Amino acid sequence: MDSVLFIVGLIAAMLRVATPLIYGTLGELFSERAGVLNLGIEGTMFLGAFTGFAVAATTGSLWLGLLGAILAGILAGLLMSLLSVRLGVNQHVAGLGITLLATGISLFAFRVIFGESKVPPSIESFPMLQILPDTNPLAPITNQYLLTFIGIALIPLVWWIISKTRFGLQIRAVGENPEAADAAGLNVYAIRTRALAIGGALMAVGGAFLTLAQLGSFTFGIVAGRGWVCIALIIFANWHAVNVLWGALIFGGVQALQLRLQTQGIKLPYELFLSLPYVVTIIALTIAGRNASAPSALLKAYRRE
Amino acid sequence: MKKFTIERAPAPVWMRTLLPIIAIPVTFLITSIIILLDGANPFTAYYNFLIAPLASKSSAIEVLVKSTPLLLTGAAVAFAFKGGYWNIGAEGQLYAGAISAAFVGTILVDVPPIIGIPAMIIGGFVGGLIWALPSAILKVKLGVDEVVTTLLMNSIVLNVTSFLLNGPWRNPVSMWPQSPEIQPGTMFPQLLPRTRLHFGIILAVLVILITWFVINRTSFGLKMRAIGLSKEGARFAGIKVNKTMLTVALISGGIAGLAGAGEVAGIHFHLIDAISDGLGYSGIIIATLGGLNPFGVGLAALFIGLIDTGAQTVSRVMGVPVYLGDVVQSTLLLVTLSLFVLQNYRIRRVK
């Protein structure tokens, strides 16, 4: 019975840990399939976490908080577009710059709004859905936050958008061969800009999940490298939406497992376990050789002559 | 009547030098918006930001203290970028250098400084180099994108640091997560009494001079610049691209490792979790502002050091959150990047 409880708890925690990663990775997927590596992800998630929390705390509405986070994420995506698409500056440096800027602005605004109190301010976060009664042994797995279910549902939706719709075809076209796309009459700048805006919104929701659902408060270490994990997961997922789920669940599972083993008093060098996804990604990159399925025009600014 | 046209051609050199300088007032104009939102006066804020730290001797020295690791991470990043290697991992290489230096500093019991200090320098350099090695090898042997691998190596070393400080290196008495104090003979000497200014800044200036010399006055520098301009072209010219790039990547990692060694040997005397807090990423800002030129990097590092110090002054004097410094730094980076696009254009008079 104990082992059943343990496994149920593990799966429940795995889903929670995976949620922000699913949003972040799907956001990055939009950007990268359109040909832009957005290293602004770490900062965009942080900005989403902060904006969501700040709007929810000042207006009292969690949904307005979520909306605020989405708008902030879109803005971050548009800024990335201005720099890397319109001006064609180096994508790595522009993305890192956005991460630094979004983080700085969030920290600054947090201090301006909430001051320097010893007790971190908190909000009443989204409740978990009651799908099964609490007495049911499987309840911890099914009773998750709405945002977790939406995130999982987004995976097939994003797969469908990218591989089956006209908009998805355009994204892939500008990500694989912008010159040909342009010759075919597509507006490369506009399509990449849209992809980055959607991507930014998704990343921000990933961050907002942490403050609005999981924690109900905002701390400076709240995102803690999750954006970089998403950069890793997308390679692991070979730029395919459905694989994002497996990657996020495996990472979530490892994280949940180490947390559980720790609370059981089992001594493990868990920090080394936390490095596993990064190590696995580097190995995956190596095996994939010359980035087998990376969009061909990734990292290349497009200049219309 | 004179007419002008804008054409796609490299801008004149004076223009390229001017761009980062133009970026500064533009940045202050943009960031004054958030200062106004906080209800503070931007002019007073910028006085406290840029002038006040230089007005007193102790805070002017603190600018140099803050600039010390920045000179090194800036030089590390600029060196790599100049050679066409996108090392985003200076942050991680700094940590690796700090770990390695903390180890060397602990085991060299009762050594005189004449042995201890060079050992710390070598330790830091080798630590950073080792951390840069996997990404560099994967890049040149298998063509694996170094941006992603160096970025991920940053995350790994943070976990390794946390493992060391909570595991083998945790202080058994206080349970404080910091490594044992390094031996006195391995500490960098103070340059001025009662300040934190230490030998690291001399080391940093030497590194700036050496990297400038290597890039501009050696055949190796010529090769790496050729690769930075075009890998295909360099290969065509008979340059061993992979071998040169590997060397560039490892030296860059080593220089970033020196920054970590300096923080351990000159400031903290322990390894701590927050030994860097973004110095490696600031190195990318500094390298960009400095136009990848070591002397430009030197000026940019001093300027970012001033901003870091000034942010604390603004916070103390006016109650404006200290994170204004982060906002100014990152805005400056983005504005400079945008202005650099103008490098590709020149204005010509048409008769």
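The values are calculated or read from the model by the stated rules, or taken from the named source; none is laboratory data. Bear in mind the structure is a predicted one, so any value in this text is a computation, not a measurement. Cβ: placed from backbone, ideal geometry, glycine included. Neighbour counts: every protein chain shown. What goes into the accessible areas is simple: the full protein's heavy atoms, side chains included, and nothing from ligands, DNA or RNA. Shrake-Rupley method; radii C 1.70, N 1.55, O 1.52, S 1.80 Å.
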Cβ-Cβ FRET estimate between B:Ser174 and A:Ser217, R0 fixed at 30 Å, reported to 0.05:
0.55
Cβ-derived FRET efficiency at R0 22 Å, B:Arg346 paired with B:Ile24, nearest 0.05:
0.45
I'd like to know which of B:Gly260, B:Ile275, B:Thr27 lies farthest towards the positive end of the charge dipole of chain B, counting +1 on Cβ of Lys and Arg and -1 on Cβ of Asp and Glu.
B:Thr27
With every protein chain kept in place and a 1.4 Å probe, region B:73-153 has an accessible area per residue in Å² of 30 Å²
For chain A, what is the mean residue ellipticity at 222 nm derived from helices alone (per DSSP H run of n ≥ 4: -39500 (n - 2.57); sum divided by total residues; nearest 500 deg cm²/dmol)?
-23000 deg cm²/dmol
Solvent accessible area, Å² - B:Thr31, 1.4 Å probe, full protein context:
0 Å²
So what does B:Lys3 come to for accessible area, using a 1.4 Å probe and Å² rounded to 10?
130 Å²
Multiply the residue gap between B:Asp110 and B:Thr17 by 0.36 nm, knock off their C-alpha separation, and tell me the result in nm, one decimal place.
28.6 nm
Between B:Asn166 and B:Glu7, what length comes free when the chain is fully extended (0.36 nm per residue of separation minus the Cα-Cα distance, one decimal in nm)?
51.4 nm
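Could you rank A:Phe218, A:Phe114, A:Phe273 by how accessible they are, 1.4 Å probe, largest area first?
A:Phe273, A:Phe114, A:Phe218
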With a 18 Å threshold on alpha-carbon distance, the violating pairs from B:Lys82/B:Lys139; B:Lys139/B:Lys240; B:Lys141/B:Lys243; A:Lys300/B:Lys243; B:Lys82/B:Lys243; B:Lys82/B:Lys240 are A:Lys300/B:Lys243
What nm value, rounded to one decimal, do you get for the distance between B:Ser32 and A:Val4 when each label is placed 7 Å out toward the C-beta?
6.9 nm
Structure-based [θ]222 nm, chain B - -39500 (n - 2.57) summed over DSSP H runs of at least 4, per residue, nearest 500:
-23000 deg cm²/dmol
Using only protein heavy atoms and a 1.4 Å probe, how much accessible area in total is buried between A and B, to the nearest 100 Å²?
3600 Å²
Euclidean distance of C-alpha centroids, region B:149-192 and region A:238-287, integer Å
24 Å
Give the dimensionless ratio obtained when the Cα radius of gyration of region B:71-281 is divided by 2.2 N^0.38 Å.
1.05
Kyte-Doolittle mean at least 0.5 and Cα extent at least 24 Å along the axis: which DSSP H helices of chain A qualify?
A:2-33, A:41-59, A:62-80, A:91-114, A:146-164, A:188-209, A:241-263, A:270-287
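Tell me the volume per residue, in Å³, of the convex hull enclosing the alpha carbons of the protein assembly as shown.
184 Å³
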For B:Ile202 paired with A:Asn238, estimate the spin-label separation in nm (one decimal), with each label point 7 Å from Cα along the Cα-to-Cβ line.
5.7 nm
Between the modelled labels at A:Phe114 and B:Ala55 (7 Å from Cα along Cα→Cβ) the distance in nm is 3.4 nm
I need the helices of chain B that pass two filters: whole DSSP H segments spanning 27 Å or more by Cα along the axis, and mean Kyte-Doolittle score no lower than 1.6.
B:13-37, B:113-142
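Using a 1.4 angstrom probe with every protein chain in place, what is the largest-first accessible-area order of A:Thr219, A:Thr281?
Correct descending sequence by accessible area is A:Thr219, A:Thr281.
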Solvent exposure ordering (accessible area, 1.4 Å, most first) of A:Asp182, B:Asp273
B:Asp273, A:Asp182
Sites matching trypsin sites (Lys or Arg not before Pro) across region B:145-236 that sit in DSSP coil, with at most 13 neighbouring C-beta atoms within 10 Å
B:Arg194
